[in-house]
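**Student:** Would you mind keeping the following structure in view while I ask a few things?
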Amino acid sequence: MTANTIDTNQSRFRFAAHERVWVFGYGSLIFKADFPFIERRPARIQGWTRRFWQGSHDHRGTPEAPGRVVTLIAEAGTQCEGMAYLVTADVFTHLDYREKNGYIRIQTPLYFRDGTQADGLVYIAGEDNSAFLGPAPEADIAHQIAHSTGPSGPNRDYLLNLAKALRDLSEDDPHVFAIERHLLALDA
Ligand code: SIN
């Protein structure tokens, strides 16, 4: 099942094509920047927790056998570390297509490591989208990831690349690292 959000996202914010906008990445947008950007800076957003609860029918799985990718779950008192990119608004044509399986762009304050702040956009796949898979034991999530692949490649590469990117940011994400451990144990 797909949850195509392109039309919704294109109608949500009206920018001039060359207006500069910050976009925050917390999943594949951290490690796969396949779009032009003016600047990128590590940043965090508040009140959100990264979880492998979104189904991937179009990138890391198929409609018949979806993989799992991350989305953000609202949780008071938490914060999520990622990478912010300053882009021109025309980049959203590409990003809306890439993130079309359930992700909606929402506005959020971004906090940079130097203490400065800016408003930005973040793609979040809410619990009401039809591709949402929801919680599962981390060992089961690792098992699903180990056996999923799609047009963008094996689901395991998404997990391993994300875990590495988070380490490179010196970020401790117990959920992501636990799933990585389970996956590597399946290999052994
Ligand atoms: C993101 O990276 O910010 C969104 C989720 C993804 O594409 O993995």
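**Student:** Which one of Gly61, Gly55, Gly67 is surrounded by 20 or more Cβ atoms within 10 Å (Cβ to Cβ), out of contact with any helix residue (DSSP H, G or I) (no Cβ under 7 Å at 6 or more places or on another chain), small (Gly, Ala, Ser) and more than 22 Å from Asp172 (Cα to Cα)?
**Tutor:** On the way: Gly61 fails: out of contact with any helix residue (DSSP H, G or I) (no Cβ under 7 Å at 6 or more places or on another chain); Gly67 fails: out of contact with any helix residue (DSSP H, G or I) (no Cβ under 7 Å at 6 or more places or on another chain).
Selected residue: Gly55, the only one of Gly61, Gly55, Gly67 that is surrounded by 20 or more Cβ atoms within 10 Å (Cβ to Cβ), out of contact with any helix residue (DSSP H, G or I) (no Cβ under 7 Å at 6 or more places or on another chain), small (Gly, Ala, Ser) and more than 22 Å from Asp172 (Cα to Cα).
**Student:** For the stretch 26-47, how many residues meet the condition of being buried (at least 21 other Cβ atoms within 10 Å of the Cβ) and away from the ligand (no atom under 11 Å from the Cβ)?
**Tutor:** Residues flagged as buried (at least 21 other Cβ atoms within 10 Å of the Cβ) and away from the ligand (no atom under 11 Å from the Cβ) within the stretch 26-47 amount to 1.
**Student:** State which residue pairs qualify: first residue on the phi < 0 side of the Ramachandran plot and more than 11 Å from the ligand (Cβ to nearest atom) and inside the stretch 49-69, second residue part of a strand (DSSP E or B) and of a type in the set (Lys, Arg) in any location, beta carbons under 7 Å apart, and separation of 6 or more residues or different chains.
**Tutor:** Gly55/Arg68
**Student:** Follow-up question, since we're still on this one. I'm checking my understanding of the structure. Among residues of the stretch 70-83 that are surrounded by fewer than 21 Cβ atoms within 10 Å (Cβ to Cβ) and within 14 Å of the ligand (Cβ to nearest atom), which one is farthest from Phe24 (Cα to Cα)? Steps first, please.
**Tutor:** Step one: list which residues in the stretch 70-83 are surrounded by fewer than 21 Cβ atoms within 10 Å (Cβ to Cβ), which gives 73-79, 81, 83.
If we keep only those that are within 14 Å of the ligand (Cβ to nearest atom) too, we end up with 73, 81, 83.
Working: Ile73: 15, Glu81: 9, Met83: 6 Å.
Per the criteria, the residue is Ile73.
**Student:** Failed condition for His59, given (1) in a strand (DSSP E or B); (2) within 13 Å of the chain's Cα centre (by Cα), with all others met?
**Tutor:** (1)
**Student:** If we keep just the residues of the stretch 166-181 that are out of contact with any Asp or Glu (no Cβ under 6 Å at 6 or more places or on another chain) and closer than 19 Å to Trp53 by Cα, which is surrounded by the fewest Cβ atoms within 10 Å (Cβ to Cβ)?
**Tutor:** My answer is Pro174.
Read-outs: derived from the displayed coordinates by stated rules, not from any lab. Nothing here was measured: the structure is a model prediction, and the numbers come from that model. Cβ sites come from the backbone with ideal geometry, for glycine too, and all protein chains shown count toward neighbours.
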